[in-house]
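Down below is the structure, laid out as structure tokens.
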Amino acid sequence: MTLMTSDSAATATERTGARTSEAADLISGARDRIDALDDRIIGLVQERMAVSAVIQEARITSGGRRVNLSREMEILSHYRGALGKPGTALAMTLLELCRGRV
């Protein structure tokens, strides 16, 4: 384990909270990966919103309602099953983004 100089340690601690250069490098690399994943997630959410808009338009055009509550319950259950209780909140946020508040 390599200790940093006081100047570089202060900078790394501010940026990463790490106390060694190895830990700071690891954290910086992991954060870069998280940033790339976040960009992909945002892109997927935007794609989901576009697909949802197509579904809603088809449903409304055919005389149906904008929202299909039984389908939304399936989605909530799927996220809850995969991610636990926080998955429900995530699914609710996705549903709100894709259809707005009802």
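Just a few scattered comments:
- Only the Cβ atoms of Lys and Arg (+1) and of Asp and Glu (-1) were treated as charged; on that basis the dipole of the chain about its Cα centre amounts to roughly 720 debye.
- Working note: 222 nm ellipticity from helices only, DSSP H runs with n ≥ 4, each -39,500 (n - 2.57), summed and divided by the residues of the chain, gives -28000 deg cm²/dmol to the nearest 500.
- Carbon plus sulfur fraction of accessible area for region 31-102, probe 1.4 Å, in percent: 60 percent
- Average accessible surface for the chain: 75 Å² per residue, computed with a 1.4 Å probe over protein heavy atoms with every protein chain in place.
- Nearest-10 value in Å² for the accessible area of ARG99, using the 1.4 Å probe: 40 Å²
- Ordered from highest to lowest accessible area with the whole protein assembly present and a 1.4 Å probe, ARG65, ARG40, ARG31 read as ARG65, ARG40, ARG31.
- Modelled FRET efficiency - R0 35 Å, SER70 with ALA30, Cβ distances, 0.05 increments: 0.30
- Candidates ILE75, THR61, THR16 compared by Cα position along the dipole of the chain: farthest toward the positive end lies THR61, with charges placed on Cβ.
- Probe 1.4 Å - accessible area at LEU97, Å² to nearest ten: 90 Å²
The values are calculated or read from the model by the stated rules, or taken from the named source; none is laboratory data. Keep in mind the model is a prediction, meaning the values are calculated, not measured. Neighbour counts run over all protein chains shown; Cβ positions are idealised from the backbone, glycine included. Side chains included, ligands, DNA and RNA excluded: accessible areas come from the protein's heavy atoms. Shrake-Rupley method; radii C 1.70, N 1.55, O 1.52, S 1.80 Å.
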